[in-house]
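Some notes on the structure that comes next.
The values are calculated or read from the model by the stated rules, or taken from the named source; none is laboratory data. Treat the numbers as computed from the prediction; the structure is a model and nothing was measured. All Cβ positions, even for glycine, are placed from backbone atoms using ideal geometry, and neighbour counts span all protein chains on display. To get the accessible areas, we keep the full protein, side chains included, count just its heavy atoms, and leave off ligands, DNA and RNA. Shrake-Rupley method; radii C 1.70, N 1.55, O 1.52, S 1.80 Å.
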Amino acid sequence: MPAETRTAVDKALDLVEAVARADRPPRLTDLAEEVGLHRATAYRVLVDLVRRGWVLRAGDRYLPGTAVLRLSSSAARNSLGALARPVLDRLSERTGMMVNLQVPEADRSRVIDVVRPDRLAMISRLMGEALPVHRFAGPLALVAALEPADRAPYLRTAEADGHPLDGPDGLLADVERTARTGFAVEYGRNEQPVASLGRAVVTRPGAPVCAVTLVGLGAEIDENRLCLLQELLREATDDLGRILSGPGSPASSSPSVAVPTASAPPSIDAARAASESPTAGEHRAGGLHVTDPTESATATPSPSPSPSPEGQS
């Protein structure tokens, strides 16, 4: 089809199809050449596709968005879930915990992949469900990584559900603590005695791509294991960020560290008691529990800056 006869819809569909059939996540230049568009034109169309969920941007590369994944299984071979699955499997093996992958949507996050050990079969997988920020660690980590002006839709959802925004137990305090530490821990807000630890994958400031969350019984995310779980989660999210940034940034080759797990899940009473006892160096507000980096060896690295349209290759 001659370029001059293509409509705006043609250009958008050409780009969506090019992203879906690529052997690996393409860059702007790759896409523009593939579909025969000027780089500036391709970039403008991609901005709208990202906004509508048809394309997901990870640094200077593009992946099929959640809208495509819900409509076509053919995109699965190059989806975020396919690229992240080895990281999720390894994190679950190292920790013995359930691991899920979430992506941001308009006012919630959506679970797009789950690895659940048999011993945690009693915990809901939540696969495909949209999660509000005030009840889960994953969306809290994502919202905290957004620019403050972009958090409003997520906060409105919590407020509409009756969750307070202000005060020491309010959601704004939770978001501020999570933005400062890079980690959020939730105890029993959605399901007792379940707890979860989440961290966002950020390839450019203010635009988290996804979040990885560890899920288990509250007694398993205790004083003795929390710092080690944070370190393993940090390694996993950093590895995923490098995978999404392309082959030029290899995944971490740090030695494997195994987290000891109980041979059987602790009783509900024991898990609930452990989840109600904050430890030194930790803050808990409204069921959310975050370790202050000044009291912990774990720190969140600064994401790399996003390239401008002209700087992409």
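Close amide H contacts of His134 (hydrogens built in the peptide plane, cut-off under 5 Å, sequence separation of 5 or more or a different chain): none are found. Around the amide H of Val55, modelled in the peptide plane, lie the amide H atoms of Val50, Gly65, all under 5 Å away and 5 or more residues distant in sequence or on another chain.
Across the stretch 68-218, the relative contact order, built from alpha-carbon pairs under 8 Å that are at least six residues apart, equals 23 percent. Length gained on full extension, Arg180 to Arg52, computed as 0.36 nm times the residue gap minus the Cα-Cα distance: 43.2 nm. Here Asn190 and Ala106 are evaluated by their C-beta separation; at R0 = 22 Å the FRET efficiency comes out at 0.65. Average accessible surface for the stretch 4-153: 44 Å² per residue, computed with a 1.4 Å probe over protein heavy atoms with every protein chain in place.
Karplus-derived 3J(HN,Hα) values for the stretch 170-180, using 6.51 cos²θ - 1.76 cosθ + 1.60 with θ = phi - 60°, are x, 5, 4, 5, 4, 5, 5, 5, 5, 4, 6 Hz; glycine and proline are entered as x. May I ask you to derive the relative contact order of the stretch 34-141, considering only C-alpha pairs under 8 Å and at least 6 residues apart, and to give it as an integer percent? RCO, the stretch 34-141: 14 percent.
Evaluating 6.51 cos²θ - 1.76 cosθ + 1.60 at θ = phi - 60° for every residue in the stretch 51-65, the Karplus couplings come out as 4, 8, x, 7, 9, 10, 9, 10, x, 9, 10, 10, 10, x, x Hz, glycine and proline recorded as x.
Length gained on full extension, Thr5 to Ala149: 48.0 nm, using 0.36 nm per residue less the C-alpha separation. To the nearest 10, the accessible area of His38 is 130 Å² with a 1.4 Å probe.
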